[in-house]
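Down below is the structure, laid out as structure tokens.
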Amino acid sequence: MQILVIVVSGETGCGKTTQLPQYILESEIEAARGAVCSIICTQPRRISAMSVAERVAAERGEKLGDSVGYKVRLEGIKGRDTRLLFCTTGILLRRLLLDRSLQGVTHVIVDEIHERGMNEDFLLIVLKELLPRRPELKLILMSATLNAELFSSYFGGAPMMHIPGFTYPVRSYFLENILEMTGYRLSTYNQIDNYGQEKSWKMQKQTLRKRKTQIASAAEDALGAADLRELNPWTRDSLSCWNPDSIGFNLIENVVCHICKKERPGAILVFMTGWDDINSKISK
């Protein structure tokens with residue numbers, strides 16, 4: 001019996017996003033089907049599609065646009081020899097509007113299906129209807145959580161595979177620990193979301209507007225219940241004016257500088273809220 005759909009789950013960092021598409025590509029090449037192979041791997045965000053494509057191309061010792069490429073809205077790098085294309089879910093949906101059979105495509109990999117966005121759910125509906133008309137098309141669903149059974153049952157009991165991962169030891173530092181280590185002091189003005197506008201802050205005397213979200217309220221409650229007697233006076237003062245609903249760009253910059261100066265060489269991963277925020281930090 002030919003398997004058309006498989007659900008792959010694996011912990012974050014196990015390599016399913018970067019390695020599995022390459023395994024499929026190499027398998028097709030070894031089977032002398034490399035020239036007709038066409039693998040599409042969807043990502044929920046454009047930055048993911050671009051960065052994963054760059055990583056996979058680098059691992060293969062190639063330039064983007066050779067066997068590996070990407071396509072996002074208004075931008076893309078692919079060539080006549082591209083066999084593995086990373087794209088956003090919206091790009092594949094747009095292609096399905098023009099080509100409802102996905103002619104020429106041999107494998108579709110839907111990554112991060114656990115996020116359950118509107119585009120991702122709609123794509124699964126369309127692909128499920130497409131499979132009876134394209135029995136040679138292979139569909140691989142990848143998830144980082146343990147809800148693989150849900151997607152397996154949706155596709156009629158599709159087989160599931162789990163990829164184990166290794167969790168590195170993690171030490172947690174909280175805001176008060178960071179303030180103690182770096183000596184950074186929070187104030188009203190260095191927590192405003194409009195990053196890089198120090199002069200306008202002073203000129204306009206802009207004040208913070210706290211948005212009482214559930215997260216912010218919970219953070220304030222936890223802070224109120226914490227025992228801060230062992231902390232330095234300036235740390236207690238900083239915590240007293242902390243805005244838990246602010247991103248804290250200046251604090252992020254200070255922490256990164258502290259790590260670079262005091263800690264051993266390594267990599268730093270900073271999660272930001274969007275592409276504009278990432279560019280702001282890079283330019284700073």
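Amide H contacts of Val5: Leu139, each under 5 Å away and 5 or more positions distant or on a separate chain (H built 1.01 Å from N in the peptide plane; Pro and chain starts excluded). Given a cut-off of 31 Å, name the pairs among Lys71/Lys261; Lys78/Lys138; Lys78/Lys262; Lys78/Lys261; Lys16/Lys261 whose C-alpha atoms lie farther apart than that in the structure shown. Result: Lys71/Lys261; Lys78/Lys262; Lys78/Lys261; Lys16/Lys261 exceed 31 Å. Modelled label positions at Ser101 and Gln19, each set 7 Å beyond Cα in the direction of Cβ, lie 3.7 nm from each other.
A rounded overall shape is assigned to the range 1-116, the ratio a/c of its alpha-carbon gyration tensor axes (a ≥ b ≥ c) being less than 1.5.
Extension gain for the segment Arg80 to Arg55, taken as residue separation times 0.36 nm less the Cα-Cα distance, is 7.0 nm to one decimal. As a calculated quantity, the FRET efficiency between Arg94 and Trp275 at R0 = 22 Å, using C-beta atoms, amounts to about 0.60.
A Förster radius of 51 Å, combined with the Cβ-Cβ distance separating Glu30 from Arg236, puts the computed FRET efficiency at roughly 0.20.
Each value in this text was obtained by applying a stated rule to the coordinates, not by laboratory testing. This one's a predicted model, so the numbers in the text were calculated from it and none came from an experiment. For neighbour counting, all protein chains shown are included, and Cβ atoms are generated from backbone atoms with ideal geometry for every residue, glycine included.
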